[in-house]
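Each remark here refers to the structure printed beneath this line.
The values are calculated or read from the model by the stated rules, or taken from the named source; none is laboratory data. Treat the numbers as computed from the prediction; the structure is a model and nothing was measured. Every residue, glycine among them, receives a Cβ derived from its backbone with ideal geometry; neighbour counts consider all protein chains shown.
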Amino acid sequence: MGVDMTHQHPPSRRATWQREAVRENILTRHDHPTAHEVHASLNLTGIGLATVYRHLAVLVTEGTVRTVVHDGETRYDRNTNPHAHASCTGCGALWDVPLPEHIAEHRPDGLEKVAGVQLTYAGRCCDCP
């Protein structure tokens, strides 16, 4: 007796609601969370950390979010338009700031195409003494 390969199970509903929960969480935040922070905010839903990582990777691949490395941690940014970041050396806050036009339009010698620019201003924020 052979296996019927024409009958395929539909994608798991669990994966769909989990993916949408991660997507909604990241797209409604105004910070730049780590996967652990996304997981912590979804903790009551029962979504595991590995699942959060998997769905964040999908969001990055499809261009919905981008990654930013800050203080050695990968963070996720819902703003995929060209921009810079400001980082407080006191409290560790990270926020979006406009990318200076001369930097956004500059193509260094030796690069045929610029895939991205990561610029982070560091200093103390107005809330830190």
### Task
Report the residue count in the stretch 79-102 for those that are more than 17 Å from residue 66 (Cβ to Cβ) and loosely packed, with under 14 Cβ neighbours inside 10 Å.
7
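Residues are listed down the side, and each one gets a yes or a no for (1) of a type outside the set (Ser, Thr, Tyr); (2) in contact with a Leu (Cβ under 8 Å, 6 or more places away or on another chain); (3) within 21 Å of residue 25 (Cα to Cα); (4) in a loop (DSSP other than H, G, I, E, B):
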| position | (1), (2), (3), (4) |
| --- | --- |
| 56 | yes, no, yes, no |
| 75 | yes, yes, yes, no |
| 81 | yes, no, yes, yes |
| 109 | yes, no, no, yes |
| 115 | yes, no, no, yes |
| 127 | yes, no, no, yes |
### Those residues of the stretch 83-93 which are touching an Asp or Glu at 6+ places or on another chain (Cβ under 7 Å) and either among the polar types (S, T, N, Q) or not in a loop (DSSP other than H, G, I, E, B) (or both), in sequence order
85
### Message
With the requirement that a residue be closer than 17 Å to residue 77 by Cα and among the polar types (S, T, N, Q), what does the stretch 41-59 give you?
### Response
41
#### Entry: Scan of the stretch 94-107 for residues that are in a loop (DSSP other than H, G, I, E, B) and at pLDDT 85 or above, ordered by number
98, 99
#### Entry: Verdict on residue 121 being over 28 Å from residue 55 (Cβ atoms) and in a strand (DSSP E or B)
yes
### Task
Identify, from the list 69, 65, the residue that is at pLDDT 95 or above and under 11 Å from the mean Cα position of the chain (by Cα).
65
